[in-house]
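Below is one structure; the comments refer to it alone.
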Amino acid sequence: MLVSTQSYAFPEALDKAIYYSFEVPIHLEKKINDECFGIEDDDQSMMLITDCGGYLNVILATLTLGFIKSSKKTKNRYKNAAQIYLDDKVLECTIINVKDLGGRIFELEYNCR
């Protein structure tokens with residue numbers, strides 16, 4: 001039986017990592033501005049972005065319960081990388097919201113038209 005992503009026993013980063021790993025159709029590693037990013041995209045409105053050491057980031061975020069947040073500079077770097085990824089889509093996409101899950105893991109909500 002698959003672990004429910006609605007379980008509140010998990011820290012949010014672990015919960016989201018499980019959800020995105022099993023439930024979204026797009027999983028890729030992409031080099032952007034000489035950095036490697038892991039992207040999990042539902043191809044509709046939500047994505048998770050981390051660096052290519054994603055599982056280590058999930059462990060860090062889980063052990064710290066997601067309380068250690070990234071600096072504004074780091075958050076902007078990941079947001080910019082996500083926007084570059086979105087710019088490659090056929091439709092024009094804009095990031096609406098960025099949520100820092102801790103451990104350099106960010107969940108982004110976006111809108112495409």
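Pick out the one residue from Glu29, Glu35 that is exposed (fewer than 13 other Cβ atoms within 10 Å of the Cβ) and in contact with a helix residue (DSSP H, G or I) (Cβ under 8 Å, 6 or more places away or on another chain).
Glu35
Being touching a residue at least 24 places away in the same chain (Cβ under 8 Å), in contact with a strand residue (DSSP E or B) (Cβ under 8 Å, 6 or more places away or on another chain) and within 20 Å of Pro11 (Cβ to Cβ), is that true of even one residue in the range 60-68?
Our first condition is that a residue be touching a residue at least 24 places away in the same chain (Cβ under 8 Å); within the range 60-68, this holds for 60-62, 64-68.
This time we only want the ones that are in contact with a strand residue (DSSP E or B) (Cβ under 8 Å, 6 or more places away or on another chain), so: none.
Taking every residue of the range 60-68 in turn, none turns out to be touching a residue at least 24 places away in the same chain (Cβ under 8 Å), in contact with a strand residue (DSSP E or B) (Cβ under 8 Å, 6 or more places away or on another chain) and within 20 Å of Pro11 (Cβ to Cβ).
Output the residues belonging to the range 69-110 that are acidic (Asp, Glu) and surrounded by 12 or more Cβ atoms within 10 Å (Cβ to Cβ).
Of everything in the range 69-110, those that are acidic (Asp, Glu) and surrounded by 12 or more Cβ atoms within 10 Å (Cβ to Cβ) turn out to be Asp100, Glu107, Glu109.
No lab work stands behind these numbers, since they all come straight from the coordinates. Bear in mind the structure is a predicted one, so any value in this text is a computation, not a measurement. FYI the Cβ positions are ideal-geometry reconstructions off the backbone, even for glycines, and counts take in every protein chain you see.
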